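To keep things clear, I will list the structure first and then write my remarks on it.
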Amino acid sequence: MAVARALVCEDDPVARRVIASLLAQLGIEVIAEVDMVSHLPRLVRYGRPDVVVLDLLLAGTSTPDTALDDVSSMAASVPVVVFSAYDSLRDEALARGAYAFVDKPDFDALSRVLEGLVGGESASG
């Protein structure tokens, strides 16, 4: 079986490193770490990740609506796990196709969701 591949989109460098470490512990290869949403469409298209871990509000995202549009556009081709402190956006992110919404900074919950995803289980948002 091929190794699962992930993109991490997070503007906090400490959180980005923790997420990348967590993914590595799960046996998921991090193919890119970015801090701006403008890089995502190209990376999703050409990198073909198995999952995207996305903070909703980043540099390059001016409004929650823009971030949610990004979820909608990516969710059609790759599972998007939203990792965000903006719980008020949970329902809308899930409605727009996010695989799961995990409250930041609950790294244990993020690990469980990602482990379930690569193990083929369904998410419980």
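The values are calculated or read from the model by the stated rules, or taken from the named source; none is laboratory data. These figures come from a predicted structure and were not determined experimentally. Cβ placement follows ideal geometry from the backbone for every residue including glycine, while neighbour counts extend to all protein chains displayed.
General remarks:
- Flag for LEU68 being more than 10 Å from the chain's Cα centre (by Cα) and not polar (S, T, N, Q): yes
- Cβ-Cβ under 6 Å pairs, at least 6 apart or on other chains, the range 46-61 side of a type in the set (Ser, Thr, Tyr), far side at pLDDT below 90: THR61/VAL37; THR61/ALA67
- Annotation note: Cβ proximity below 8 Å between a residue of the range 77-93 that is crowded, with 18+ Cβ neighbours inside 10 Å and a residue that is of a type in the set (Ser, Thr, Tyr) and in a loop (DSSP other than H, G, I, E, B) (sequence gap 6+ or interchain) occurs for PRO79/TYR99; VAL80/TYR99; VAL81/TYR99.
For every residue, the table says whether it meets (1) touching a strand residue (DSSP E or B) at 6+ places or on another chain (Cβ under 6 Å); (2) of a type outside the set (Asp, Glu); (3) over 26 Å from VAL3 (Cα atoms).
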position	(1), (2), (3)
GLU33	yes, no, no
VAL44	no, yes, no
ARG48	no, yes, no
VAL52	yes, yes, no
VAL80	yes, yes, no
